[in-house]
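Let me begin by presenting the structure, written as structure tokens, before commenting on it.
The values are calculated or read from the model by the stated rules, or taken from the named source; none is laboratory data. Remember, predicted model here, so these are calculated numbers, not experimental data. With ideal geometry, Cβ positions are generated from the backbone for all residues, glycine too; neighbour counts draw on all protein chains shown. Note: accessible area is taken over every heavy atom of the protein model, side chains too, but ligands, DNA and RNA are not part of it. Shrake-Rupley method; radii C 1.70, N 1.55, O 1.52, S 1.80 Å.
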Amino acid sequence: MSDVHAPQAGAEGTPDPGTGATPAPGFPGVEPPDGPRVVSTEGDRGDGIVRCERCGASDASLNVATGMLRCNFCRHEWRTENALASFDLDGAIGDLRGVVVGSGTAAVTADPAVTLKCTACGAEVVIEAGVQARCHWCRNTLSLTEQVPNGAVPDMVLPFSVTKADAVTRVAEFVGKRKFFAHRQFKAEFSPENVLGVYLPYMVVDVNTRARLTGEGEHQTRSYTVQVRNAKGETHSERRYDADVYDVRRTFDLHVDDLTVESSTERLDRDTSRTSNNVINTILPFDVENSVRYDPRYLQGFTSERRDVDVDGLRGAVHQQVRDIARWRADETIGFYDRGVRWDTTDLDVQGERWVSAYLPVWLYSYLQTRKDGSTLLHYVAVNGRTGETMGSVPLNWPRLLAVSAVVEAVGAVAAAVLWVLS
Amino acid sequence: MTGVVALDVLAAAGDVLASAGGGEGDGRGLVLLLLLAGPLFAGWQHLRYRNTDKRHHHESETRSQMQDVQADDTLTGRRTGLKSARMQGANSRKVTTR
């Protein structure tokens, strides 16, 4: 049983980032607090051509080796400023009151497709997916920089620092250790160089809350051996324990920093019978504090997924994760209860929360398995684009696994019989 | 589905080992484990390849600070002759979000 008191209205407020949101699967919606304070992360750039500050070319991209943007014409490199610091979104969590959101978290309401007017030749160019396109007339690169509420433009981006070659090696090593029972077709088609760099949408949340936990704990006072007689009249020794029982209460301020949650409906579905999104979830966390101001040129050469879940749709899931963190931290204070504690309630009194939308870098190797019943399952091997942490799902060759398991079972049964006879 | 079955089989094996507390129980627990060797092997390999049990450990991998901790504990009674070394229903390390 748990309770959440949402924070009260913030000081300022213009757009409501929560309107029209859908709760994340499996979590109840939580009443949206009124009037969040919106911090504009849009900057002064307009849509269209974003030029190199040295030569004026419109074509630049991330140099993964240095983490800097590089003009693809004159090779000039420059670094974008840190997002959280430049927008003052990294203040002390204990001082947080009400709801503060980056303007990139606005509710997703617009059509995904956006039409840009080329600022060089005047042609109209439609960007249907992603945030960049080439003008079909003058070949300039056009960037979607303004935060149209279609979920495509976040507050900040964390550039890749793991190179593709490194990701290929990690994927190959991961699968290489899992080949014996791997599905035949998967093995035949495995080609790690097909790994794809993807910026996935996340919300990064700071929470300032007061946590209150109540429950019952046991402290062992005595441990001893007793003789127990079974139905056949034979006796054997058994261990017994005595314990004092306590009502246990803990109350404390909890400051949660950079809690990171997926913000697309597809990635939030972690039912392992139909997806392997759980492996993408496993490679968290990222060093989000090193994220830079959103600039579409960081995305050139990579793909990106749009956010389609809003702040309100994620608030229930975030508060549930904060409750888990509260329990985990409370564990440090209950050492006296050596037999354990059963928490009955975990209540949060949320004083303030800060939401920022981000694109975070993931190398993905995917394989679509078609099963005998015609259903499909998309397997991923995911590499964290910053830390290199790797996790994956490899489809199984079930006939081979069952055959080997049958041999193991036969050996086990023989060993069990021998042990039974000897004892 | 198979992932859930694999987890259940491995959890059952854990229970068998946990229940094998005293001298006589050890032998019975080992025999039971040997009899379950095939399903246990299949479950282990399933988890090793598909990793259906893996997730981000937000509870321990998220930075957090705890301040102004207040404890208020009251002795309410005593339990004697308990068979388990662990409190029944203890959940302080159990995570609710999957």
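Taking A:THR333, is it in the same structural domain as A:GLU189 (by the TED database), among the hydroxyl-bearing types (Ser, Thr, Tyr), without any contact (Cβ under 8 Å) to a residue 12 or more places away in the chain and in contact with a strand residue (DSSP E or B) (Cβ under 9 Å, 6 or more places away or on another chain)?
No; evaluated as a whole, the condition is false for this residue.
Taking the options A:LEU396, A:LEU401, name whichever one is surrounded by fewer than 24 Cβ atoms within 10 Å (Cβ to Cβ), in contact with a His (Cβ under 7 Å, 6 or more places away or on another chain) and hydrophobic (A, V, I, L, M, F, W, C).
A:LEU396
So, in the stretch A:385-423, of the ones that are within 8 Å of chain B (Cβ to nearest Cβ), free of Cβ contacts under 8 Å to residues at least 60 places away in the same chain and not aliphatic (A, V, I, L, M), which residue ends up farthest from A:TYR365 (Cα to Cα)?
Result: A:SER423.
Among the residues of the stretch B:58-96, what is the count of those that are more than 16 Å from the chain's Cα centre (by Cα) and either open to solvent by less than 70 Å² (accessible area, probe 1.4 Å) or not charged (D, E, K, R) (or both)?
The qualifying residues number 19.
What is the number of the single condition among (1) more than 9 Å from every other protein chain (Cβ to nearest Cβ); (2) in a loop (DSSP other than H, G, I, E, B) that A:TYR367 does not meet?
So the condition that A:TYR367 fails would be (2).
Looking at the stretch A:263-278, can you tell me whether even one residue there is in the same structural domain as A:SER103 (by the TED database), in a strand (DSSP E or B) and among the acidic types (Asp, Glu)?
no
With the structure loaded, tell me whether A:ASP373 is more than 9 Å from chain B (Cβ to nearest Cβ), farther than 30 Å from A:PRO36 by Cα and not in a strand (DSSP E or B) or whether it fails that test.
On the way: more than 9 Å from chain B (Cβ to nearest Cβ): yes; farther than 30 Å from A:PRO36 by Cα: yes; not in a strand (DSSP E or B): yes.
When the stated conditions are applied, A:ASP373 passes them.
Looking at (1) within 7 Å of another protein chain (Cβ to nearest Cβ); (2) over 30 Å from A:LEU401 (Cα atoms), which is the only condition B:ARG55 fails?
Every listed condition holds for B:ARG55 apart from (2).
With respect to A:ARG306, is the statement that it is surrounded by fewer than 19 Cβ atoms within 10 Å (Cβ to Cβ) and under 15 Å from the mean Cα position of the chain (by Cα) true?
Values: surrounded by fewer than 19 Cβ atoms within 10 Å (Cβ to Cβ): yes; under 15 Å from the mean Cα position of the chain (by Cα): yes.
It is true that A:ARG306 is surrounded by fewer than 19 Cβ atoms within 10 Å (Cβ to Cβ) and under 15 Å from the mean Cα position of the chain (by Cα).
Per-residue answers, yes or no, for (1) among the small types (Gly, Ala, Ser); (2) at pLDDT 95 or above:
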residue: A:ASN140; (1), (2): no, no
residue: A:GLY151; (1), (2): yes, no
residue: A:THR163; (1), (2): no, yes
residue: A:PHE181; (1), (2): no, yes
residue: A:PHE190; (1), (2): no, yes
residue: A:VAL204; (1), (2): no, yes
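A:ARG45 passes all but one of (1) within 24 Å of A:VAL256 (Cβ to Cβ); (2) over 24 Å from the mean Cα position of the chain (by Cα); (3) at pLDDT below 75; (4) open to solvent by 30 Å² or more (accessible area, probe 1.4 Å); which number fails?
(1)
So, of the residues in the stretch A:218-264 that are more than 9 Å from every other protein chain (Cβ to nearest Cβ) and closer than 18 Å to B:HIS56 by Cβ, which turns out to be modelled with the lowest pLDDT?
A:SER264
Look through the stretch A:309-333, keep the residues that are crowded, with 21+ Cβ neighbours inside 10 Å and among the β-branched types (Val, Ile, Thr), and return whichever of them is nearest to A:ASN281 (Cα to Cα).
A:VAL318
Can you pull out the residues in the stretch A:232-253 that are assigned to a loop (DSSP other than H, G, I, E, B) and open to solvent by 40 Å² or more (accessible area, probe 1.4 Å)?
Hits for the stretch A:232-253 are A:LYS232, A:GLU234.
Out of the stretch A:306-354, which residues are in a helix (DSSP H, G or I), closer than 30 Å to A:SER223 by Cβ and among the charged types (D, E, K, R)?
Passing the criteria: A:ARG327, A:ARG329, A:ASP331, A:GLU332.
Would the stretch A:217-231 turn up any residue that is crowded, with 22+ Cβ neighbours inside 10 Å and outside any helix (DSSP H, G or I)?
Yes, the stretch A:217-231 has at least one match.
Is the stretch A:284-291 home to any residue that is within 28 Å of A:SER61 (Cβ to Cβ), outside any strand (DSSP E or B) and touching a His at 6+ places or on another chain (Cβ under 6 Å)? Let's see the steps before the verdict.
In the first step, residues of the stretch A:284-291 are kept if they are within 28 Å of A:SER61 (Cβ to Cβ); the result is A:284-291.
Then drop every residue that is not outside any strand (DSSP E or B), which leaves A:284-291.
Now drop any that are not touching a His at 6+ places or on another chain (Cβ under 6 Å), which leaves A:284.
Yes, there is a match, as at least one residue in the stretch A:284-291 is within 28 Å of A:SER61 (Cβ to Cβ), outside any strand (DSSP E or B) and touching a His at 6+ places or on another chain (Cβ under 6 Å).
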